[in-house]
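Reviewing the structure listed below.
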Amino acid sequence: MSTGASLEAEDRDPGGEGAPPLFRHAPEGVEFGKLRKRLMREMRETLARYAMVEPGARWLVCLSGGKDSWSLLALLLDLEWRGLLPVDLLACNLDQAQPGFPARVLPDFLSAHGIPHRIERRDTYSVVTRTVPEGRTYCSLCSRLRRGHLYRIAREEGCSAIVLGHHREDVLETFLMNLLHGARLAAMPPKLRNDEGDLLVLRPLALSAEADLARFAEALRFPIIPCDLCGSQEGMERARVKAMLEDWERARPGTKRNMVRALANARPSHLLDPSLFDFAGLAAEARAPEAAE
């Protein structure tokens, strides 16, 4: 998929009759148009750079109901509508039976907009609350249980990939948490193969800013479902790392953009890992003796 292909398709008006379903009431202003184009181009760059698209594939687009996953779905549908994404998309929400989860919001909205979807209810919440000690966050176990169900659903639906809405800040926060607490250089990969080897995990928003996605979702008036229904969010280390990143960005605007660029510009010879660079085989070349005058 070439990032430079079909520029005319990218410039088509996304609103009005015949527009992709989630854009039929899109704002008409210049500001939203620029935001949409920026997010679309970042997504196209990510899809192309990491060779995510296999024409004719079927993708399971994971929809939590938050701003990021709504934006992910909308941008993928926009690309598909413009003929720039030759894959079949199926939206999927896993209802994990959290207290107060509005079970009808997502299926009703998706049905009203004619978007193919699957809603699966699995009570992972009870499993997590029984298993995780009091005072600890649920996120790690909850995520593993959710991922297992999504893999199963993808196989049942004939999908070759599950598509997640993680964005630039998620990538950077994971990198810093691994650096500071895991003693390793690792971030959140844009493309990953599962342990069984039969499914890909794709993150097409890996280069996109969280603030842009929030503005995008707000402009399109998606029915946002909060991510803190389980009550396990306060005091998480990720929140502290997020605050640290925001402090750096305020002190030096452009810091997060440069950090993301750095993650795509690794120099193994300037790190300390001999498994990535052959330090043992590195030797100074003998200089020829200088000729006497």
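Determine the dipole magnitude for the range 125-181: charges of +1 sit on the beta-carbon of Lys and Arg, -1 on that of Asp and Glu, nothing else is charged, the reference point is the Cα centre, and the result goes in debye to the nearest 20.
Once rounded to the nearest 20, the dipole reads 240 debye.
Identify the trypsin sites (Lys or Arg not before Pro) of the range 153-205 meeting these criteria: DSSP loop state and at most 11 other C-beta atoms within 10 Å of the C-beta. All intermediate terms of the calculation are to be shown ahead of the outcome.
Numbers: sites: R155, R168, R184, K191, R193; in loops: R184.
Hits after loop and neighbour filter: R184.
Go through P116, I225, P253 and say which Cα lies farthest out towards the positive end of the charge dipole of the chain; charges sit on Cβ, +1 for Lys and Arg, -1 for Asp and Glu.
Positive-most Cα among the choices belongs to I225.
For R118, which sequence-distant residues (separation of 5 or more, or a different chain) have an amide H within less than 5 Å of its own amide H, given hydrogens modelled in the peptide plane?
A91, C92, N93
Just to confirm the number: angle between the C-alpha axis of helix 30-49 and the first principal axis of the chain, 0 to 90 degrees, nearest 10?
The answer is roughly 60 degrees.
If you take volume of the Cα convex hull per residue in Å³ from the coordinates, which of (i) 193; (ii) 210; (iii) 172 do you get?
Entry (ii).
Positive end of the dipole of the chain, charges at C-beta (+1 Lys, Arg; -1 Asp, Glu), about the Cα centre: which of A264, T131, A284 has its Cα farthest in that direction?
T131
Give me the 1.4 Å probe accessible area per residue for the chain, excluding ligands and nucleic acids, in Å².
Averaged over the residues of the chain, the accessible area is 56 Å².
Taking the Cα centre of the chain as origin, sum charge times position over the Cβ atoms of Lys and Arg (+1) and Asp and Glu (-1), and report the length of that vector in debye to the nearest 20.
Values: 40 positive and 41 negative charges, 87 e Å.
With only Lys, Arg, Asp and Glu charged at Cβ, the dipole is about 420 debye.
Ignoring any ligand, DNA or RNA, what whole percent of the accessible area of the chain comes from carbon and sulfur when the probe is 1.4 angstrom?
Details: 8450 of 16320 Å².
That share works out to 52 percent.
If the only charges are +1 at each Lys and Arg Cβ and -1 at each Asp and Glu Cβ, what is the size of the charge dipole of the range 141-272 around the Cα centre, to the nearest 20 debye?
Values: 21 positive and 17 negative charges, 83 e Å.
Once rounded to the nearest 20, the dipole reads 400 debye.
For a 24 Å ceiling on Cα separation, which of these pairs sit above it: K34/K242; K67/K242; K37/K67?
Working: K34/K242 26 Å; K67/K242 17 Å; K37/K67 18 Å.
Among K34/K242; K67/K242; K37/K67, the Cα-Cα distance tops 24 Å for K34/K242.
Hey, got a sec? Which GluC sites (Glu not before Pro) in the range 17-64 land in a DSSP loop and have at most 11 other Cβ atoms within 10 Å? Before the final figure, lay out the partial values.
Details: sites: E17, E28, E31, E42, E45; in loops: E17, E28.
Those satisfying the criteria are E17, E28.
Each residue of the range 149-156 in order: what ³J(HN,Hα) in whole Hz does its phi give by Karplus 6.51 cos²θ - 1.76 cosθ + 1.60, θ = phi - 60°, with x for Gly and Pro?
Per-residue couplings from phi come out as 5, 5, 4, 4, 4, 4, 5, 4 Hz.
List the GluC sites (Glu not before Pro) within the range 156-219 that DSSP assigns to loop and that have no more than 11 neighbouring Cβ atoms inside 10 Å.
Working: sites: E156, E157, E169, E173, E196, E210, E218; in loops: E157, E196.
In loop regions of the range 156-219 (DSSP not H, G, I, E or B), the sparsely surrounded GluC sites (Glu not before Pro) are E196.
The values are calculated or read from the model by the stated rules, or taken from the named source; none is laboratory data. It should be emphasised that the depicted structure is a prediction, and the values quoted were computed from it without experimental measurement. Note that we place each Cβ from the backbone using ideal geometry, even for glycine, and neighbour counts take in every protein chain shown. The protein model used for the area step is the full one, side chains on, heavy atoms only, and it has no ligands, DNA or RNA in it. Shrake-Rupley method; radii C 1.70, N 1.55, O 1.52, S 1.80 Å.
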